[in-house]
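Enquirer: Take a look at this one; I'll ask things after.
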Amino acid sequence: MKIDRRQFLKLSAAGGGAVFASSLAGCAGMAAGGRDFYFVQLSDAHWGFNGPAVNPDARGTLPKAVAAVNALPIEPDFVFFTGDLTHTTDDPIERRKRMGEFKEIASGLKNKNVRFIPGEHDASLDHGKAWMEFFGETHYSFDHKGVHFVAVDNVSDPAARIGDEQLAWLAADLARQPRDARIVVFTHRPLFDLAPQWDWATRDGAQAIAILEPFQNVTVFYGHIHQENHHMTGHIAHHSAKSLIFPLPAPGSQPKREPVKWDASQPYRGLGFREVQAEKQGPKYAIAEMPVVKS
Amino acid sequence: MTVDRHRRRALASGAALLAAAALGAGVAARGAERVIHVSARRFAYTPNRIELKVGEPVVFELVTEDIVMGFSIPDFKMRSDIVPGKTMRVPLTPDRAGTFIFLCDIFCGEGHENMNGQLVVS
């Protein structure tokens with residue numbers, strides 16, 4: 001039986017997910033003129049992390065997330081990982097081992113249209129060298145059903161800069177789009193100054209936002225902060241995703257940016273992935289936050 | 001190490017620019033400032049608590065014991081790279097009281113997220 005996506009989102013929410021249905025100006029035209037579809041965003045798996053106090057199931061959480069995506073009643077059009085696939089290590093051999101293991105687990109996704117960008121844990125210590133061996137380019141663009149997707153790398157420079165060269169590429173890539181194009185940006189760090197005191201920013205993110213600004217329908221999906229966050233810069237909407245390893249506290253909510261401790265009474269709390277739907281009608285845009293394990 | 005060379009090359013030019021930019025943060029003439037030495041290493045600053053007075057001009061003298069680090073005080077929009085083998089001098093005159101975070105804003109490894117300290121201005 002074919003289930004309507006809107007109905008599916010309601011069902012997802014009833015099953016433990018949270019639905020964020022947005023009519024934000026930045027999302028309003030997302031699928032206008034295109035075709036109805038949805039994708040899944042996963043982020044911050046930190047494969048290789050070891051810290052039982054914050055996640056005693058560090059090697060089990062990512063496989064559980066893969067299983068949860070595979071169990072979705074309607075297959076997404078594609079799956080996107082927004083960085084920190086692996087936890088950082090100084091050892092180049094261990095780094096590649098972690099990337100290989102991650103890739104093997106991600107290959108268990110039924111949907112084979114899977115794309116990745118790096119996080120600073122993947123790429124900052126070697127300027128993305130190992131990353132590119134396993135996952136290819138760190139920034140790129142593609143089109144899907146009337147939406148132009150752009151993947152921006154703000155981590156291969158350890159100083160959290162996109163860099164002049166990539167900014168020029170971004171401007172040239174977008175120059176081919178009409179001003180009312182539906183544009184979705186994937187990146188790891190927030191492009192705006194969410195909490196520079198916690199290193200939750202991109203040094204030259206304002207330049208990227210300035211390039212995006214002339215376009216009427218821009219939405220940014222990112223990771224890095226291990227929690228859901230929704231923010232507008234002008235008409236551009238920015239949505240951060242939950243992690244698959246441990247949650248972090250709300251920006252500036254406490255003196256230290258310490259991981260939230262594991263709660264045995266509510267295992268996997270604060271972890272999850274999301275579904276993002278572009279619709280032709282109605283709210284046009286909906287995010288459903290999904291748990292790794294349904295309670 | 002290759003990584004260190006890359007980091008150094010990529011960041012050295014920016015360091016001078018940023019240190020110069022910080023001069024605009026509002027500092028009196030050289031010579032009157034108190035000098036505060038800060039040493040960075042993976043993944044800590046020494047000292048990690050610095051006390052200042054409102055309106056007191058100081059100069060941070062920053063060195064790193066290992067790789068390229070950052071020294072950033074976002075609340076005062078002040079930052080500098082810290083390049084191995086060099087002493088970076090960055091002036092600051094705090095214009096308000098409070099407790100502010102300083103942190104490394106150049107990813108330096110597994111303990112990077114905990115590499116920070118407190119600036120206490122009274």
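Enquirer: What about B:Asp75, is it open to solvent by 20 Å² or more (accessible area, probe 1.4 Å), in a helix (DSSP H, G or I) and at pLDDT 95 or above?
Expert: yes
Enquirer: In the stretch B:89-122, what residues are among the β-branched types (Val, Ile, Thr), assigned to a loop (DSSP other than H, G, I, E, B) and more than 8 Å from chain A (Cβ to nearest Cβ)?
Expert: Going through the stretch B:89-122, the residues among the β-branched types (Val, Ile, Thr) turn out to be B:90, B:93, B:99, B:101, B:106, B:120-121.
From the residues that got through so far, the ones that are assigned to a loop (DSSP other than H, G, I, E, B) too are B:93, B:106.
Once the filter is applied, which keeps residues that are among the β-branched types (Val, Ile, Thr), assigned to a loop (DSSP other than H, G, I, E, B) and more than 8 Å from chain A (Cβ to nearest Cβ), the stretch B:89-122 yields only B:Thr93.
Enquirer: Within the stretch A:114-134, work out how many residues are part of a helix (DSSP H, G or I), open to solvent by less than 30 Å² (accessible area, probe 1.4 Å) and of a type in the set (Asp, Glu).
Expert: Filtering the stretch A:114-134 down to residues part of a helix (DSSP H, G or I) leaves A:120-123, A:129-134.
Still in the running and open to solvent by less than 30 Å² (accessible area, probe 1.4 Å): A:120-123, A:130-131.
Checking which are of a type in the set (Asp, Glu) leaves us with A:120, A:122.
Number satisfying all stated conditions: 2.
Enquirer: Within the stretch B:77-122, restricting attention to residues that are free of Cβ contacts under 8 Å to residues at least 60 places away in the same chain and small (Gly, Ala, Ser), which residue is farthest from A:Gly119 (Cα to Cα)?
Expert: Among them, the one singled out is B:Ala97.
Enquirer: Of the residues that make up the stretch A:66-81, is at least one surrounded by fewer than 20 Cβ atoms within 10 Å (Cβ to Cβ), aliphatic (A, V, I, L, M) and within 14 Å of chain B (Cβ to nearest Cβ)?
Expert: Checking the stretch A:66-81: not a single residue is surrounded by fewer than 20 Cβ atoms within 10 Å (Cβ to Cβ), aliphatic (A, V, I, L, M) and within 14 Å of chain B (Cβ to nearest Cβ).
Enquirer: Right, another one. For A:Asp153, indicate whether it is open to solvent by less than 50 Å² (accessible area, probe 1.4 Å), touching an Asp or Glu at 6+ places or on another chain (Cβ under 9 Å) and on the phi < 0 side of the Ramachandran plot.
Expert: The answer is yes for A:Asp153.
Enquirer: How about the stretch B:44-64: which of its residues are surrounded by 24 or more Cβ atoms within 10 Å (Cβ to Cβ) and within 14 Å of another protein chain (Cβ to nearest Cβ)?
Expert: B:Thr64
Enquirer: Another question, then. Taking the conditions exactly as written (assigned to a loop (DSSP other than H, G, I, E, B), among the aliphatic types (A, V, I, L, M), within 20 Å of A:Pro158 (Cα to Cα) and facing another protein chain (nearest Cβ under 9 Å)), does B:Ile67 satisfy them or not?
Expert: For B:Ile67, the condition - assigned to a loop (DSSP other than H, G, I, E, B), among the aliphatic types (A, V, I, L, M), within 20 Å of A:Pro158 (Cα to Cα) and facing another protein chain (nearest Cβ under 9 Å) - is not met.
Enquirer: Could you tell me which residue of the stretch A:188-210 is nearest to the other protein chains (Cβ to nearest Cβ), considering only residues that are within 16 Å of A:Val152 (Cα to Cα) and open to solvent by 40 Å² or more (accessible area, probe 1.4 Å)?
Expert: Per the stated criteria, the residue is A:Arg203.
Enquirer: Residue by residue through the stretch A:248-268, note down the ones that are within 13 Å of A:Glu228 (Cβ to Cβ) and away from chain B (no Cβ under 14 Å).
Expert: Across the stretch A:248-268, the qualifying residue is only A:Ala250.
Enquirer: Anything in the stretch A:263-292 that is open to solvent by 60 Å² or more (accessible area, probe 1.4 Å) and modelled with pLDDT of 90 or more? List them, or say none.
Expert: A:Ala264, A:Ser265, A:Gln266, A:Pro267, A:Arg269
Enquirer: Another one. Could you check how many residues of the stretch A:155-187 are touching a strand residue (DSSP E or B) at 6+ places or on another chain (Cβ under 6 Å) and either within 11 Å of chain B (Cβ to nearest Cβ) or small (Gly, Ala, Ser) (or both)?
Expert: Initially, the stretch A:155-187 is screened for residues touching a strand residue (DSSP E or B) at 6+ places or on another chain (Cβ under 6 Å), giving A:173, A:177, A:181-187.
Still in the list and also either within 11 Å of chain B (Cβ to nearest Cβ) or small (Gly, Ala, Ser) (or both): A:181.
Within the stretch A:155-187, residues that are touching a strand residue (DSSP E or B) at 6+ places or on another chain (Cβ under 6 Å) and either within 11 Å of chain B (Cβ to nearest Cβ) or small (Gly, Ala, Ser) (or both) number 1.
Enquirer: Being touching a residue at least 12 places away in the same chain (Cβ under 8 Å), more than 27 Å from B:Phe76 (Cα to Cα) and over 15 Å from the mean Cα position of the chain (by Cα), is that true of even one residue in the stretch A:250-257? If you could, list the steps in order and put the result at the bottom.
Expert: Step one: of the stretch A:250-257, the residues touching a residue at least 12 places away in the same chain (Cβ under 8 Å) are A:250-252, A:257.
Then keep just the ones that are more than 27 Å from B:Phe76 (Cα to Cα); that gives none.
Checking the stretch A:250-257: not a single residue is touching a residue at least 12 places away in the same chain (Cβ under 8 Å), more than 27 Å from B:Phe76 (Cα to Cα) and over 15 Å from the mean Cα position of the chain (by Cα).
Enquirer: With the structure loaded, tell me whether A:Ile245 is open to solvent by less than 10 Å² (accessible area, probe 1.4 Å), within 22 Å of A:Pro52 (Cβ to Cβ) and touching a strand residue (DSSP E or B) at 6+ places or on another chain (Cβ under 8 Å) or whether it fails that test.
Expert: Considered against the rule, which asks whether it is open to solvent by less than 10 Å² (accessible area, probe 1.4 Å), within 22 Å of A:Pro52 (Cβ to Cβ) and touching a strand residue (DSSP E or B) at 6+ places or on another chain (Cβ under 8 Å), A:Ile245 comes out as yes.
Enquirer: Sticking with this one: Could you list, in sequence order, the residues of the stretch A:113-136 that are among the aromatic types (Phe, Trp, Tyr) and within 15 Å of the chain's Cα centre (by Cα)?
Expert: Correct list: A:Phe116 only.
The values are calculated or read from the model by the stated rules, or taken from the named source; none is laboratory data. Everything numeric here is computed off the predicted structure, so don't read it as measured data. Cβ: placed from backbone, ideal geometry, glycine included. Neighbour counts: every protein chain shown. Please note that ligands, DNA and RNA were not included when accessible areas were found on the heavy atoms of the full protein model with its side chains. Shrake-Rupley method; radii C 1.70, N 1.55, O 1.52, S 1.80 Å.
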